[in-house]
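Notes for the one structure printed next.
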Amino acid sequence: MEYITSLRTHPLFEGISDKEIQKLLGCLQSYTKTFRKNEYILMEGTPINFIAIVLSGRVLMEQEDREGNSSIFAEITTDHTLGDTFISVDIQNSNVCYKAATNSRLLMIHYENFFSFCANACNCHKTLLYNLISCIASKNRQLTDKLEILSQKNLRDKILTYLMILLRQQNSKTIHSPLNRVEMADYLCVNRSAMTRELAVMRREGILDYEHNTFTLNMSNTEL
């Protein structure tokens with residue numbers, strides 16, 4: 001399988017050898033599926049019974065309000081998982097949408113197979129379950145970051161909170177946002193035109209500078 005090399009560095013398979021990964025993929029009855037840009041992988045309200053690893057491309061977790069306006073909850077990039085936060089016998093349907101932001105290829109695994117040990121109850125399967133819990137904890141951190149942003153009372157603080165989260169993650173003075181302006185506005189749950197104007201004002205005030213999706217914060221002028 002040509003994607004074994006990429007799975008070797010995936011958090012879900014940490015501490016598991018290539019040979020064991022290949023064995024596990026057969027045990028898990030995994031398969032690959034390709035999605036075109038803007039194609040929905042899963043619609044809100046439909047049954048969710050799988051975990052997927054993004055082998056290539058980029059996926060957005062979205063939710064629509066009653067008027068059909070989308071809000072981006074999270075971006076899921078290559079070597080990350082989706083669907084893992086819904087693992088529960090009590091959860092029948094998804095309350096979010098997953099949409100391919102680019103042409104994407106996913107490795108699909110029915111989540112019940114994670115808990116169906118083979119006859120040998122191999123150690124690599126136990127390691128996989130431990131890693132799965134760690135992945136879910138990491139995903140919950142992403143959702144906590146989203147809540148931190150939404151709790152801000154004005155547009156400027158939402159922008160600064162988002163950029164400070166990226167600063168913590170990237171540990172660099174120069175911050176790269178994986179989201180374009182439309183996606184960033186959706187993620188912050190703000191009007192795109194208003195966000196663009198506020199960014200321009202913040203640049204004039206010396207709070208930050210930016211070029212396309214790359215930002216530099218002037219920490220001496222930044223208050224949250």
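The values are calculated or read from the model by the stated rules, or taken from the named source; none is laboratory data. Keep in mind that what you see is a predicted model, and the values were worked out from it rather than measured. Backbone-built Cβ (ideal geometry, glycine too); neighbour counts: all protein chains shown.
Among residues of region 2-23 that are within 12 Å of residue 54 (Cα to Cα), those with a Cβ under 8 angstrom from a residue that is at pLDDT below 80, sequence gap 6+ or separate chain, pair up as 6/79; 10/79. Residue-level analysis places residue 53 outside the set of residues that are part of a strand (DSSP E or B) and out of contact with any Ser or Thr (no Cβ under 7 Å at 6 or more places or on another chain). For region 44-72, enumerate the residues that are out of contact with any Asp or Glu (no Cβ under 9 Å at 6 or more places or on another chain) and modelled with pLDDT under 90. Result: 45, 46, 47, 48, 50, 65, 66, 67, 68. Residue 31 meets each of the listed conditions (1) surrounded by 13 or more Cβ atoms within 10 Å (Cβ to Cβ); (2) over 24 Å from residue 179 (Cα atoms) apart from (1). Looking at region 165-214, which of the residues that are farther than 16 Å from residue 60 by Cβ and of a type in the set (Lys, Arg) is nearest to the chain's Cα centre (by Cα)? The extreme case among them is 168. Among the residues of region 28-43, is any closer than 24 Å to residue 3 by Cα, among the hydroxyl-bearing types (Ser, Thr, Tyr) and part of a loop (DSSP other than H, G, I, E, B)? Scanning region 28-43 turns up at least one residue that is closer than 24 Å to residue 3 by Cα, among the hydroxyl-bearing types (Ser, Thr, Tyr) and part of a loop (DSSP other than H, G, I, E, B).
Answer yes if at least one residue in region 153-160 is among the polar types (S, T, N, Q) and either under 21 Å from residue 101 (Cβ atoms) or over 21 Å from the mean Cα position of the chain (by Cα) (or both), and no otherwise. Yes, the conditions are met somewhere in region 153-160. For region 121-148, the candidate set comprises residues that are among the hydroxyl-bearing types (Ser, Thr, Tyr) and at pLDDT 85 or above; within that set, the residue that is surrounded by the most Cβ atoms within 10 Å (Cβ to Cβ) is 127. Residues that are in a strand (DSSP E or B) and modelled with pLDDT of 85 or more within region 89-120 comprise 97, 98, 99, 100, 104, 105, 106, 107, 108, 109, 110, listed in sequence order. Restricting attention to region 125-176, the residues that are among the aliphatic types (A, V, I, L, M) and not in a helix (DSSP H, G or I) total 1. Note on region 208-221: residues that are without any contact (Cβ under 8 Å) to a residue 24 or more places away in the chain and not charged (D, E, K, R) amount to 6. Residues that are within 27 Å of residue 180 (Cβ to Cβ), part of a strand (DSSP E or B) and of a type in the set (Asp, Glu) do not occur anywhere in region 78-85.
Residues in region 1-27 that are surrounded by 12 or more Cβ atoms within 10 Å (Cβ to Cβ), in a loop (DSSP other than H, G, I, E, B) and charged (D, E, K, R): 8, 14. Inside region 130-175, residues that are farther than 17 Å from residue 202 by Cα, in contact (Cβ under 8 Å) with a residue 12 or more places away in the chain and of a type in the set (S, T, N, Q) make up a count of 5.
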